[in-house]
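The values are calculated or read from the model by the stated rules, or taken from the named source; none is laboratory data. In this text the structure is predicted, and so the values were computed from the model without any measurement. No Cβ is skipped: glycine too gets one built from the backbone with ideal geometry, and neighbour counts run over all protein chains shown.
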2 protein chains.
Amino acid sequence: MSEQTITVTLATEKKAKPDASTLVFGKTFTDHMFMMDYTEGKGWHDAQILPYQPITLDPASVIFHYGQTVFEGMKAYLTKEEKVLLFRPEKNMERLNKSNERLCIPAIDEEFALSALKQLITVDKDWIPTEEGTSLYIRPFIISTQPYLGVAASISYKFMIILSPVGSYYKEGVKPVKIFVENEYVRAVSGGTGSAKTAGNYAASLKAQQIAAEKGYSQVLWLDGVEKKYIEEVGAMNVFFKINGEVVTPVLNGSILEGVTRGSIIELLKHWDIPVTERKITVEEIFEAHKNGELEEAFGTGTAAVISPIGEFFWNEQVIVLNNNETGELAKKLYDTITNIQNGKIEDPFGWTVEV
Amino acid sequence: MSEQTITVTLATEKKAKPDASTLVFGKTFTDHMFMMDYTEGKGWHDAQILPYQPITLDPASVIFHYGQTVFEGMKAYLTKEEKVLLFRPEKNMERLNKSNERLCIPAIDEEFALSALKQLITVDKDWIPTEEGTSLYIRPFIISTQPYLGVAASISYKFMIILSPVGSYYKEGVKPVKIFVENEYVRAVSGGTGSAKTAGNYAASLKAQQIAAEKGYSQVLWLDGVEKKYIEEVGAMNVFFKINGEVVTPVLNGSILEGVTRGSIIELLKHWDIPVTERKITVEEIFEAHKNGELEEAFGTGTAAVISPIGEFFWNEQVIVLNNNETGELAKKLYDTITNIQNGKIEDPFGWTVEV
C-alpha cells in the first residue's frame, strides 16, 4: 500500500489568507485536502490531494447514524529557516490505528498516511502562520460511508486530512482557566470508547460543557464513570497536578485518552529530574492538598492548547483558587519548552520533531 | 413554526421497486426524502420534500468529528384497505426532542415534524410493501453541519427523514437468537448518552458485536458499566424475561433507551393481566432462574425487529438454552398482537395507530 501513488489536483483559485492576528481555532481551512477511499475487498485506494471542497454522501451513510469514525489532531510549524516541523506525527498515526481497532475501522498504512500528510502540507506550505502562538492545525479523520441502516461496521470509508491555520485554542491566550468538576455527566467509562479518539466521546461532553459555561467555567473536569471520585481528563485534555513538588497525572485506565502532549510532558519532567507519577487521583485529594497549601499548580495538556494552566476549580459548591489565578512556573516552563521545540526555536534533544 | 410550508419537488425518474421477497433491512431507499435546515438566529427553515439524493457537507462539519447527532426509528404499514398506519409516532418525536436536549441540538416542532413525515410517506406510499413481515422503515435524523473544529455545539443542523422498505430485521425471520453476555465492553453508563438515541452509543457497540458474531452469537447482552452485573439492553433492543409466570424488564436507569415497543409491551401485558415488573435484574439471577427451571422465556424488543425471541445465553463460559431454542408462547403472542395492531389486521384498543 505504501507503493500507492497520490493524484494531485491543484486549486485553480486560491483563497485569501486570514490575518494572523484574527486567527481563531479551526474555522479557516487551506486550499487543499487529502482524501483516500476504502472499499471492502479492494482496501484503501484512490489517494488524492485535491482542492478543499464539500464532500457528497448518501444520507443513509453509517457516519450519520451510528458514528463510526475516528480522528487525530496534530500541528505543523514553520521555523525561521522556512523549515516545516511536525511534532511526533508517528505517535498520532499509531493512535489513529488504535482508535480504528476499537471502532472496527480497517487499519491505515501509517507510513503512507504520514507521507501523504507531508505532501499535503508541502502543497499548502504558504498557509502556515508564523506569529507567536500560531501554527497549522492538522485534522486527519476517517468516516464510514456505506449507505446501510443495520447496526454493523461499514464496508466503505473515507480517510481525509484537512488543514487549518490556527491561533491559540483559547481566545485569551495562555492564561489560567476556570474548571467545573462534573458530578453528574460522564464522558467515558472503562470498556467504552474513552481511550479512542472518536466522535461519541465529544458528543457526550457537550452538555456538561454547556452547563459549566453558563456558570462561568470554561472547561469541565471529568471524573470516572463508576465511582465518580477519580479524576480522568479536563475538557478534551489530559490533566496534571503539582503537589508538594511532585507532579501527578491520572494513570491510563482505558477510559482516558493517551495524549501525545501528555507523554511528552512526562518525558520532559523526567529529563528535568522533576518527580512525576502516573496514578489514580481523587478530586478529594486535590481539594485536600489545596487546603494543606500543597497544591502548587494544575494544568491541562493537549495538541490544540498545548498547556492550559488551571486557576480555579469548582466542586460540590466549593471553590479553590490556585496560585493566585496566575500561570504557574512549571506550566510556563513546559509551555515554552514544548512550543519552542515544536517551532524549532530551541534544540530538540528527544528527536520529537520531524521535518517535512 | 407549524405554519411553515413544505416545498415539494418530485423525482422525475422513479427507481425500480425491489421484490418484496428479497427485502433486507435498511439497504433500499425510496424516491424522496424530507430535509429542513437550522441556522442559529433563524431557527428551523426551508422544509422540503425532494428526490432522494446525496447530501453535500463541508469536511469540517461537526458531525464528522464530534458526532453531534440524534435519530429515530419508526415503521409505516399499509392495510388491506390501503390505509397507511403509523405506530405511536408522537412517542418517537417526543423522544427525538429528549435526545436533542442531551446532545445540545435545538428542539424540533414535534407536530410539524410529524406532519412532514406524513406528507413524505404519502408521496412515497407506493413503496410500502405489504407482504408478511414487511413494512416501510422510517429514519428521521439530525446532523450538525457547522464547519468548525472547536469542541462545541454546532450552530447549524439538517433534519432529514429517509424511508426504506424492509423485510424482517433478522434474515432468518422471527426465530430465537443466540445472545453473548458481554463482560468487557460497555455500551453506556449512567451520566453518559445511553438513554438518548445518538450515534456514539452504536459506534461503541460495534466491537463487542463483532467479537460475539465471531463466536456464533448474533447479539450482545449489555451489562451496566459500573458493576457489570445488572442487565441493560440486548444489541440495540430492550430485553424482557419471563420468570415463573412473571415478566421482568430492566428499569429505566438513565443508561437504557426508553423503547416505544418496550412501553407498548408493558401496557399490553398489564391489559392481559400478566404480572410485569420494571426492576434491576442481574445476569446471575437469570442464570439461577434457569437452573431452577423458572426461566420460561426471554426476548428483545425494538422497532426494527419488534420482538426477537432469545434461545441461548452465553456468559462466563456457561451456556443456557431456553425453551428448547423455540419461540416462546408469550413472545409469539406479543409479536402477533403488536404487528397485527401495527398493520391494522386487528382492532387497536389502545389508540396506538395513527392513520396517515
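I'd like the residue in segment B:86-109 that is under 17 Å from the mean Cα position of the chain (by Cα) and of a type in the set (A, V, I, L, M, F, W, C) and, out of all such residues, is nearest to A:Tyr185 (Cα to Cα).
Ranking the qualifying residues of segment B:86-109, first place goes to B:Leu96.
Please go through segment A:23-76 and give me each residue that is touching a residue at least 60 places away in the same chain (Cβ under 8 Å), closer than 23 Å to A:Ala11 by Cα and not hydrophobic (A, V, I, L, M, F, W, C), ordered by number.
A:Gly26, A:Lys27, A:Thr28, A:Thr30, A:Asp31, A:His32, A:Asp37, A:Tyr52, A:Lys75
Are any residues in segment B:86-106 of a type outside the set (Asp, Glu) and more than 14 Å from every other protein chain (Cβ to nearest Cβ), and if so, which ones?
Hits for segment B:86-106 are B:Leu86, B:Phe87, B:Arg88, B:Pro89, B:Lys91, B:Asn92, B:Met93, B:Arg95, B:Asn97.
Please return the ranges of strands (runs of 3 or more DSSP E) entirely within segment B:304-356 where 1 or more residues are surrounded by fewer than 16 Cβ atoms within 10 Å (Cβ to Cβ) and assigned by TED's automatic domain parsing to the domain that holds B:Ile243.
B:318-321
Residue check: is B:Phe34 at pLDDT 95 or above and assigned to a loop (DSSP other than H, G, I, E, B)?
no
Determine if segment A:266-276 includes at least one residue that is within 22 Å of A:Tyr185 (Cα to Cα) and in the same structural domain as A:Ala213 (by TED's automatic domain parsing). Break it down into steps so the answer makes sense when it comes.
First pass over segment A:266-276, keeping only residues within 22 Å of A:Tyr185 (Cα to Cα): none.
For segment A:266-276, residues within 22 Å of A:Tyr185 (Cα to Cα) and in the same structural domain as A:Ala213 (by TED's automatic domain parsing): absent.
Kindly indicate the residue of segment B:108-150 that is of a type in the set (Ser, Thr, Tyr), within 27 Å of B:Leu23 (Cα to Cα) and part of a strand (DSSP E or B) and also farthest from the other protein chains (Cβ to nearest Cβ) among those meeting that condition.
B:Ser135
Yes/no per residue for (1) under 30 Å from A:Gly328 (Cβ atoms); (2) surrounded by fewer than 24 Cβ atoms within 10 Å (Cβ to Cβ); (3) among the basic types (Lys, Arg); (4) in contact with a Phe, Trp or Tyr (Cβ under 6 Å, 6 or more places away or on another chain):
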position: A:Ser144; (1), (2), (3), (4): no, no, no, yes
position: A:Phe159; (1), (2), (3), (4): no, yes, no, no
position: A:Leu163; (1), (2), (3), (4): no, no, no, no
position: A:Gly167; (1), (2), (3), (4): yes, yes, no, no
position: A:Lys178; (1), (2), (3), (4): yes, yes, yes, yes
position: A:Asn183; (1), (2), (3), (4): yes, yes, no, no
position: A:Thr193; (1), (2), (3), (4): no, no, no, no
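Can you confirm whether segment A:228-241 contains a residue that is within 14 Å of chain B (Cβ to nearest Cβ), under 15 Å from A:Glu312 (Cα atoms), in contact (Cβ under 8 Å) with a residue 12 or more places away in the chain and in a strand (DSSP E or B)?
For segment A:228-241, residues within 14 Å of chain B (Cβ to nearest Cβ), under 15 Å from A:Glu312 (Cα atoms), in contact (Cβ under 8 Å) with a residue 12 or more places away in the chain and in a strand (DSSP E or B): present.
B:Tyr217 versus (1) crowded, with 23+ Cβ neighbours inside 10 Å; (2) farther than 27 Å from B:Ile138 by Cα; (3) more than 9 Å from chain A (Cβ to nearest Cβ): which is the lone unmet condition?
For B:Tyr217, the failing item is (1).
All but one of (1) in a loop (DSSP other than H, G, I, E, B); (2) surrounded by 24 or more Cβ atoms within 10 Å (Cβ to Cβ) hold for A:Asn201, so report the exception by its number.
(1)
Quick check on this structure: which one of A:Lys15, A:Lys27 is assigned to a loop (DSSP other than H, G, I, E, B), out of contact with any Lys or Arg (no Cβ under 9 Å at 6 or more places or on another chain) and either crowded, with 16+ Cβ neighbours inside 10 Å or not assigned by TED's automatic domain parsing to the domain that holds A:Glu110 (or both)? Walk me through it before giving the result.
Details: A:Lys15 fails: either crowded, with 16+ Cβ neighbours inside 10 Å or not assigned by TED's automatic domain parsing to the domain that holds A:Glu110 (or both).
Residue meeting the stated conditions: A:Lys27.
Can you confirm whether segment A:161-176 contains a residue that is under 30 Å from A:Asn340 (Cβ atoms), assigned to a loop (DSSP other than H, G, I, E, B) and at pLDDT 90 or above?
yes
To keep it simple, each residue is scored yes or no on (1) in contact with a strand residue (DSSP E or B) (Cβ under 9 Å, 6 or more places away or on another chain); (2) among the polar types (S, T, N, Q); (3) not assigned by TED's automatic domain parsing to the domain that holds B:Pro106.
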| position | (1), (2), (3) |
| --- | --- |
| B:Tyr137 | yes, no, no |
| B:Ala152 | no, no, no |
| B:Thr193 | no, yes, yes |
| B:Thr198 | yes, yes, yes |
| B:Ala203 | yes, no, yes |
| B:Lys207 | no, no, yes |
| B:Gln210 | no, yes, yes |
| B:Gly216 | yes, no, yes |
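Here are some residues: B:Thr301, B:Thr277, B:Thr261. Which one is of a type in the set (Val, Ile, Thr), farther than 25 Å from B:Ile211 by Cα and in a strand (DSSP E or B)?
The unique qualifying residue is B:Thr277.
Taking A:Gly194 and the conditions (1) within 10 Å of chain B (Cβ to nearest Cβ); (2) in a helix (DSSP H, G or I), which numbered condition does it fall short on, given that it satisfies the others?
So the condition that A:Gly194 fails would be (2).
Return the residue satisfying two criteria in turn: it lies in segment A:1-47 and is within 13 Å of chain B (Cβ to nearest Cβ) and among the polar types (S, T, N, Q), and of such residues it is farthest from A:Ile162 (Cα to Cα).
A:Thr28
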